[in-house]
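Worksheet: the structure to be examined is printed underneath.
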Amino acid sequence: MASLPTSQPITDDDEALQRALADAHLPSILPALAQLTGDLSLLRPNLVPNASPFARDQGGYTEGQMDEVRALALDALRAYRDGGSQPAPPPSDHALRALIAFITANQANDQYVPLLLEELALPATDARAPQWHKGQIAPGRPFLAAIIGAGMSGILAGIRLKQAGVPFVIVEKNPDFGGTWFENTYPGARVDNPNHGYSYSFAQKSDWPFHFSTQDVLLDYFRGCAEEHGLRNFVRFGTEVVSMAFNDEQATWAVRVRMADGHEETIEANAVISAVGQLNRPKMPDIAGQSAFEGPSFHSARWDHGIDLRGKRVAVIGTGASASQFIPHVAEQVAQLSIFQRTPNWYGNNPNYHAAVAAGLQWLFAHVPHYAQWYRFWIFWTSTDGLLAMVKVDPDWDGGPQAVSAENDRLRRMFASSMEQQLADRPDLLAKVIPNYPPASKRIVVDNGIWPATLKRPNVELITSAIGEITPQGVRTVDGDEHAADVIIYGTGFQASHFLTPMHVTGLGGRDLHAAWEGDARAYLGITVPGFPNFFLMYGPNTNIVVNGSIIYFSECEMTYILGCLRVLFERSERALDCRAPVYDAYCERIDAGNRQMAWGVGKVNSWYRNEKGRVTQNWPFSLLEYWQQTQAPNVDDYVLL
Ligand code: NAP
């Protein structure tokens with residue numbers, strides 16, 4: 001199901017309502033009920049929630065406040081039920097602002113509100129859908145857009161181009177939709193952002209089974225969205241783009257594709273949208289002796305389900321977000337697990353990480369119109385720009401290199417104290433798992449206690465000595481210890497900074513994209529590159545976020561911008577847009593300066609956020625609001641029209 005189902009009428013008795021409310025998310029239920037009943041007096045000043053990341057999940061409510069919210073909610077639900085489950089008319093603009101003011105504790109200023117309304121998508125609107133159609137502004141003009149990739153961004157691009165009446169084809173190397181959710185089938189794979197926030201704004205879903213759903217659920221969701229929008233017939237599955245060359249005279253792209261049988265052909269396109277993602281090419285480490293290993297080995301994103309790990313001695317190299325998810329599952333099956341950790345993670349504790357959504361909350365989502373939207377709104381807001389303060393460098397901070405500011409230090413102490421409590425009985429492990437770098441210098445990993453519990457298992461060893469070589473029978477560390485293994489699993493991440501590899505892309509005058517980048521990928525707004533007209537990137541350089549927001553939000557912003565660019569071409573009868581170099585240069589300088597003020601820009605620790613040259617090529621250092629503002633529509637002056 002890729003969209004919100006219609007709410008069911010309430011016929012249940014008071015006791016059932018009370019049981020459901022025991023599981024309710026309280027900060028979001030009052031706005032939902034105020035909207036449902038039209039009674040804004042439910043938004044009591046003494047019940048304004050605290051959206052700080054340091055507040056508890058229930059908006060920092062005391063027990064007394066929680067009782068009061070539940071009592072108010074019970075009365076409102078009863079009245080709604082007894083009135084025949086008839087919602088009040090849609091809220092006025094004034095009422096909507098009051099609802100937003102309440103749930104954000106008056107923190108959302110006027111600049112934010114339009115963005116928040118788009119995310120809220122009330123009532124089931126899709127404010128980001130194109131408000132134009134090629135058939136009206138450029139009827140009959142031949143045009144084809146090639147989208148590379150049918151993952152989260154590619155599906156979105158297809159949906160939007162279809163809505164705008166722009167002819168397109170999607171080229172996907174895999175046999176089905178889903179991208180990262182298709183490829184990462186390792187045990188334990190699940191979304192590590194709260195799931196009710198991890199959805200397209202226009203295809204919200206109220207019945208996620210888990211707070212952080214498993215890979216199969218996410219794959220179903222994205223496939224469902226693609227199917228619902230009729231994209232399947234637009235996709236060439238099992239087809240990989242090998243190269244793209246811009247034809248200066250015709251202002252078209254020759255997109256060379258290779259099918260699974262090795263056969264190649266060329267698609268001529270007027271625009272290309274790369275939706276290949278940042279984390280799709282596995283990175284295998286360069287360790288001596290790798291090829292001599294006699295047992296099976298594989299990367300986490302190419303999980304070999306044919307290998308039965310039960311009773312085996314398994315070595316896992318890497319302890320990033322992927323490994324942190326699959327290691328607990330592997331540990332349960334194997335005779336011996338040797339985990340090779342190069343750098344420990346900061347773990348953010350979330351007790352809901354593996355939890356199913358409680359029956360009462362599911363019931364409320366199914367019966368209270370728009371409650372799931374307000375819950376998603378809460379997740380969006382509480383993971384929005386307020387979090388940036390915790391990862392921003394304070395130039396006056398003198399508290400040591402393990403934090404970048406007092407706020408960051410507070411986060412560090414919160415994470416450290418959680419680990420200290422969980423490993424109080426194992427000081428040997430504690431010494432190995434507490435990082436010595438500021439939180440958010442590299443990715444913070446979610447946990448619910450399963451990581452320390454796994455490390456404590458008798459069949460698990462956490463090895464922090466550097467790997468010297470891989471031998472035919474296992475792994476030898478530089479201290480000379482041999483760690484026998486029947487299977488090696490590489491949780492070594494992705495070639496994140498090698499954007500668009502291994503595709504060969506040539507633009508104006510035959511300019512090679514990778515040569516132009518010199519291993520240091522950049523793009524204006526993460527989307528366009530001078531000399532590569534009508535070539536648009538989604539989830540391109542510096543559009544990854546670290547602590548705030550979701551990648552889906554960024555993709556939606558990028559697609560708004562790309563649609564704006566295409567509209568310019570159609571309205572002005574131009575063939576192509578080429579980003580001006582000075583605009584791009586100034587933008588990149590600003591991004592670099594921004595990243596130098598963030599924990600990930602100054603931390604001296606390994607991280608996929610930086611490329612081989614040490615520059616942060618992945619992350620967006622500013623607010624979500626700024627990205628939204630900058631991607632509302634292209635400034636035509638930023639481009640040369642060809
Ligand atoms: P990663 O975070 O890059 O982790 C790679 C791990 O391999 C690190 O522990 C790294 O150590 C280690 N490593 C790499 N080369 C090594 C070598 N030669 N010797 C020893 N250790 C080596 O990759 P990932 O875990 O696949 O995660 C990548 C990103 O994908 C995540 O940060 C996240 O954004 C995304 N992801 C999301 C989800 C989700 O939403 N559910 C799940 C998984 C991944 P160092 O730390 O020392 O480099």
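Tell me yes or no: at least one residue of segment 27-43 is assigned by TED's automatic domain parsing to the domain that holds PHE365, in a loop (DSSP other than H, G, I, E, B), of a type outside the set (Lys, Arg) and under 28 Å from the mean Cα position of the chain (by Cα).
From segment 27-43, those assigned by TED's automatic domain parsing to the domain that holds PHE365 are 27-43; that's our starting set.
This time we only want the ones that are in a loop (DSSP other than H, G, I, E, B), so: 38-39, 43.
Still in the list and also of a type outside the set (Lys, Arg): 38-39, 43.
If we keep only those that are under 28 Å from the mean Cα position of the chain (by Cα) as well, we get none.
No, every residue in segment 27-43 fails to be assigned by TED's automatic domain parsing to the domain that holds PHE365, in a loop (DSSP other than H, G, I, E, B), of a type outside the set (Lys, Arg) and under 28 Å from the mean Cα position of the chain (by Cα).
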So TYR221 ticks every box in (1) closer than 23 Å to GLY491 by Cα; (2) within 14 Å of the ligand (Cβ to nearest atom); (3) of a type outside the set (Gly, Ala, Ser) but one. Which box is left unticked? (1)
Any idea how many residues of segment 175-213 are within 13 Å of the ligand (Cβ to nearest atom) and without any contact (Cβ under 8 Å) to a residue 60 or more places away in the chain? 4
Residues that are touching a residue at least 24 places away in the same chain (Cβ under 8 Å), within 28 Å of the chain's Cα centre (by Cα) and surrounded by fewer than 18 Cβ atoms within 10 Å (Cβ to Cβ): does segment 242-263 have at least one? yes
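So that you can scan it fast, the table gives a plain yes or no per residue for (1) under 24 Å from GLU119 (Cα atoms); (2) under 16 Å from the mean Cα position of the chain (by Cα); (3) not assigned by TED's automatic domain parsing to the domain that holds LEU120:
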site	(1), (2), (3)
VAL169	no, no, yes
LYS173	no, no, yes
PHE182	no, yes, yes
ASP192	yes, yes, yes
TYR198	yes, yes, yes
GLN215	yes, yes, yes
LEU218	yes, yes, yes
TYR221	yes, yes, yes
CYS225	yes, no, yes
Which residues, taken from segment 265-279, are at pLDDT below 95 and open to solvent by less than 30 Å² (accessible area, probe 1.4 Å)? GLY277, GLN278
Filter segment 600-618 down to the residues that are within 18 Å of ASN345 (Cα to Cα) and either open to solvent by less than 10 Å² (accessible area, probe 1.4 Å) or touching a Cys at 6+ places or on another chain (Cβ under 6 Å) (or both) and list them by number. TRP600, GLY603, TYR609
Give the number of residues within segment 323-338 that are farther than 18 Å from PRO296 by Cβ and either within 10 Å of the ligand (Cβ to nearest atom) or open to solvent by 10 Å² or more (accessible area, probe 1.4 Å) (or both). 3
Here are some residues: LYS283, LYS312. Which one is in contact with a strand residue (DSSP E or B) (Cβ under 8 Å, 6 or more places away or on another chain), within 11 Å of the ligand (Cβ to nearest atom) and charged (D, E, K, R)? LYS283
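Output the number of residues of segment 489-511 satisfying the condition of being open to solvent by 40 Å² or more (accessible area, probe 1.4 Å), outside any helix (DSSP H, G or I) and closer than 10 Å to PHE532 by Cα. Give the derivation first.
Narrowing segment 489-511 to residues open to solvent by 40 Å² or more (accessible area, probe 1.4 Å): 495, 498, 501-502, 504, 508-511.
Those still in the list that are outside any helix (DSSP H, G or I) too: 495, 498, 501-502, 504, 511.
Remaining after also requiring closer than 10 Å to PHE532 by Cα: 511.
Adding up the residues that qualify gives 1.
Here's the yes/no breakdown for (1) farther than 30 Å from THR382 by Cβ; (2) among the hydrophobic types (A, V, I, L, M, F, W, C):
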{"residue": "GLY158", "(1), (2)": "yes, no"}
{"residue": "LEU161", "(1), (2)": "yes, yes"}
{"residue": "VAL166", "(1), (2)": "yes, yes"}
{"residue": "ILE170", "(1), (2)": "yes, yes"}
{"residue": "LYS173", "(1), (2)": "yes, no"}
{"residue": "ASP176", "(1), (2)": "yes, no"}
{"residue": "ASN184", "(1), (2)": "no, no"}
{"residue": "VAL191", "(1), (2)": "no, yes"}
Taking ASN436 as meeting all but one of (1) within 30 Å of ASP479 (Cα to Cα); (2) part of a helix (DSSP H, G or I); (3) of a type in the set (S, T, N, Q); (4) open to solvent by 20 Å² or more (accessible area, probe 1.4 Å), write down the number of the exception. (2)
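Per-residue answers, yes or no, for (1) more than 22 Å from TRP381 (Cα to Cα); (2) more than 16 Å from the ligand (Cβ to nearest atom); (3) touching an Asp or Glu at 6+ places or on another chain (Cβ under 7 Å):
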position: ALA576; (1), (2), (3): yes, yes, no
position: ARG580; (1), (2), (3): yes, yes, yes
position: TYR584; (1), (2), (3): yes, yes, no
position: SER607; (1), (2), (3): yes, no, no
position: GLU612; (1), (2), (3): yes, no, no
position: VAL616; (1), (2), (3): yes, no, no
position: TRP620; (1), (2), (3): no, no, no
position: GLU626; (1), (2), (3): no, yes, no
position: THR631; (1), (2), (3): no, yes, yes
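Okay, residues lined up against (1) within 16 Å of the ligand (Cβ to nearest atom); (2) surrounded by fewer than 20 Cβ atoms within 10 Å (Cβ to Cβ):
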| residue | (1), (2) |
| --- | --- |
| THR343 | yes, yes |
| PHE365 | no, no |
| TYR375 | no, no |
| PHE380 | no, no |
| PRO401 | no, yes |
Check ILE155, ILE159, ILE147, ILE170 and return the single one that is surrounded by fewer than 24 Cβ atoms within 10 Å (Cβ to Cβ), in contact (Cβ under 8 Å) with a residue 12 or more places away in the chain and not in a loop (DSSP other than H, G, I, E, B). ILE159
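The values are calculated or read from the model by the stated rules, or taken from the named source; none is laboratory data. As the structure is a prediction and not an experimental result, all values here were calculated from the model. All Cβ positions, glycine included, derive from the backbone under ideal geometry; neighbour counts span all protein chains shown. When the accessible area is computed, the model is the full protein with side chains, heavy atoms only, and any ligands, DNA or RNA have been set aside. Shrake-Rupley method; radii C 1.70, N 1.55, O 1.52, S 1.80 Å.
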